[in-house]
Amino acid sequence: MARLSIGCNFERLLYALRYDVWGVVMAKLSTIDAPVAAGSTSSLQQYAGRRTDEWSERLVLVGEQQDRAAFTQFFRHFAPLIKAFALSGSTMSAIHADELVQEVMIKVWQKASGFNPEKAAASTWVYTIARNCRTDMFRRLQKFETAIAAEDLEFDEAAEGPFSVLHSHRGAERIRELMADLPPDQAQILGKVYMEGKSHSEAAAELDLPLGTVKSRVRLAIQKLQVQFGTQ
Amino acid sequence: MARHHPPINFLTDYAAGALPTAQAACVYAHAVCCEPCRRIVGQLQDIGSALFNQLAPIPVSDKVLDCVLVRLDDPAPLRYRDNRAAANECPPLPGLLARIMNGDFSELAWKRITKSLSVSCLKVGDIAHEFALYRITAGGQIPEHNHGGSEMTLVLQGGFSDDSGVYHPGDFLYRQGLDTHAPLAIDGEGCICLTVLDAPLRFTRLRHRWMNPFLQLRVG
């Protein structure tokens with residue numbers, strides 16, 4: 001047991017050296033509760049499910065301590081991605097894209113205390129906020145009056161049972177590895193649907209492909225990315 | 001426990017935020033009560049997250065950061081979110097639907113189409129789809145019809161059957177174009193379904209066809 005925990009600490013130290021000061025702080029914090037986590041099976045499981053990537057750790061700091069320095073680092077990393085997301089495949093102006101960045105980052109600040117690293121990674125959490133804000137902004141720009149905000153159609157992960165984790169544990173990193181092997185035509189359609197927010201039928205119209213072809217390419221792609229779907 | 005689920009292409013569009021509002025609300029109303037579908041949607045969102053994190057970053061000026069930092073102390077808006085506990089409350093009705101209906105089934109304005117079929121349209125803010133509740137009286141039948149476009153159906157109360165099966169609360173069906181069916185409410189209980197259409201129904205039997213010109217799509 002002692003050797004095991006030394007090994008863990010060594011790994012944490014390496015991790016902390018690779019990343020910056022926040023990594024060190026979090027590494028110190030997590031060594032405190034490590035022996036507890038090793039104590040019982042259930043907390044071990046929780047421990048295994050907890051995201052320890054640097055962004056999830058920073059987001060926890062923002063949520064628990066309203067840490068502005070951590071928030072600023074978070075902003076510098078994610079704001080340029082949110083802007084790229086805003087501008088992908090759309091006619092959104094740069095001004096609106098910056099507006100979206102502001103809106104998303106303020107939501108990040110306001111909602112950070114609800115972030116649970118056991119349920120999802122920070123990068124996925126930010127992505128869903130950005131996606132919802134973009135949907136709402138498109139509707140606003142097109143002057144849609146809608147009774148439903150995109151956020152209303154979000155499942156409440158806090159209400160899920162203790163061991164119910166909707167997101168894959170291996171998460172985005174594993175998916176990114178698998179994604180590198182997707183044939184270009186499948187990757188292209190995933191980009192249309194996810195990054196450009198086009199439905200299957202819109203993607204089919206734009207690429208001048210039959211809807212059936214689009215459907216089967218997406219289906220093949222998500223199978224390769226190891227999404228487990230049975231009856232659908 | 002639902003036995004009929006949305007096809008994977010709808011779940012993918014839903015996870016990507018690419019479904020029109022009315023259809024997204026219908027998929028949501030199914031999945032909020034269906035753990036396996038929520039799990040799939042979670043994994044499909046991980047794909048979105050991976051793609052998002054691979055985007056080529058576009059620089060954001062420090063002015064934007066300053067604007068955000070200044071606004072951090074603004075009070076957070078009170079969000080009206082009563083679908084929070086929804087996952088534990090199904091049936092009878094996902095909280096979101098209850099909010100849109102603003103009352104229960106008996107308080108809605110029902111428009112009678114045939115002896116056994118009434119419709120009540122709800123507003124969700126979708127310019128291309130009708131979002132409506134269809135009520136079939138116990139043992140009643142919707143005249144045989146097909147669809148000029150597509151139809152999503154979610155059983156909310158009671159149940160019905162057609163040539164392809166029997167459907168109970170939580171079950172999700174998708175029909176399109178020339179798929180013809182004549183849903184029959186299960187004896188002894190009426191049936192209420194949420195239906196999302198992008199074109200009006202077309203009755204196919206001579207006896208009912210005269211009504212087709214009156215079956216208009218009420219989007220909104």
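Taking 0.692 mPa s as the viscosity and 37 °C as the temperature, the Stokes-Einstein diffusion coefficient of the stretch B:161-220 based on its alpha-carbon Kirkwood radius rounds to 243 µm²/s.
Between the helical axis of B:35-54 and the dominant principal axis of chain B, each derived from Cα atoms, what acute angle in degrees is found, rounded to the nearest 10? That helix lies at roughly 40 degrees to the long axis.
Separation of the alpha carbons by more than 30 angstrom is noted, of A:Lys111/A:Lys198; A:Lys119/A:Lys192; A:Lys119/B:Lys63; A:Lys111/A:Lys143; A:Lys111/B:Lys63, for A:Lys119/B:Lys63.
The phi torsions of the stretch A:193-208, fed into the Karplus equation with coefficients 6.51, -1.76 and 1.60 and a -60° offset, translate into couplings of 5, 7, 7, 9, x, 8, 6, 3, 5, 5, 4, 4, 5, 5, 8, 6 Hz, rounded to whole numbers, with Gly and Pro shown as x. All other residues whose Cβ lies under 12 angstrom from that of B:Ala138 are scored, Lys and Arg at +1 and Asp and Glu at -1, for a net of -1.
Other residues within the sphere of radius under 10 Å centred on the Cβ of B:His181, judged by their own Cβ, net out at -4 (K and R +1, D and E -1). Pull up the cross-link candidates among the lysines for B:Lys111, meaning alpha carbon to alpha carbon under 23 Å and not fewer than 8 places away within one chain. Correct list for B:Lys111: B:Lys123. The ranking of B:Phe52, B:Phe131 by Cβ neighbour count inside 10 Å, starting from the fewest, reads B:Phe52, B:Phe131.
Fraction of C-alpha pairs exceeding 24 angstrom in chain B: 49 percent, rounded to a whole number.
Rounded to the nearest 500, what is the 222 nm mean residue ellipticity of chain B from helices alone, with -39500 (n - 2.57) per DSSP H run of 4+ residues and division by all residues? Per the formula, -8000 deg cm²/dmol. Looking at the stretch A:58-114, the pairs of alpha carbons with a distance over 13 Å make up 58% of the total.
With Cα atoms defining each centre, the stretch B:1-41 and the stretch A:204-223 are spaced 18 Å apart in the structure.
The stretch A:67-128 and the stretch B:184-220 have Cα centres lying 43 Å from one another. By the count of neighbouring beta-carbon atoms within 10 Å, fewest first, A:Arg58, B:Arg38, B:Arg71 end up ordered B:Arg71, B:Arg38, A:Arg58. Simple spin-label estimate for B:Lys123 and A:Ala94 gives 3.9 nm between the two label positions (7 Å along the Cα-to-Cβ direction from each Cα). Projecting the Cα atoms of B:Phe105, B:Val70, B:Cys34 onto the dipole axis of chain B, where Lys and Arg carry +1 and Asp and Glu carry -1 at the beta carbon, places B:Phe105 farthest toward the positive end.
At an R0 of 51 angstrom, the distance between the Cβ atoms of B:Ser61 and B:Asp179 translates into a FRET efficiency of 0.45. Report note on the peptides B:26-32, B:114-120: ranked by the mean count of other C-beta atoms within 10 Å, highest first, their order is B:26-32, B:114-120.
Counted by neighbouring Cβ atoms within 10 Å, the residues B:Cys191, B:Cys121, B:Cys34 run from fewest to most as B:Cys121, B:Cys34, B:Cys191. Please work out whether the stretch B:37-81 counts as rounded, prolate or oblate from its C-alpha gyration tensor, where a ≥ b ≥ c are the square roots of the eigenvalues and a/c under 1.5 means rounded, while otherwise a/b larger than b/c means prolate and anything else oblate? Because a/c hits 1.5 or more and a/b fails to exceed b/c, the stretch B:37-81 counts as oblate.
Coordinate-derived values only; no laboratory data. No experiment lies behind these values; they were computed from the predicted model shown. Cβ sites come from the backbone with ideal geometry, for glycine too, and all protein chains shown count toward neighbours.
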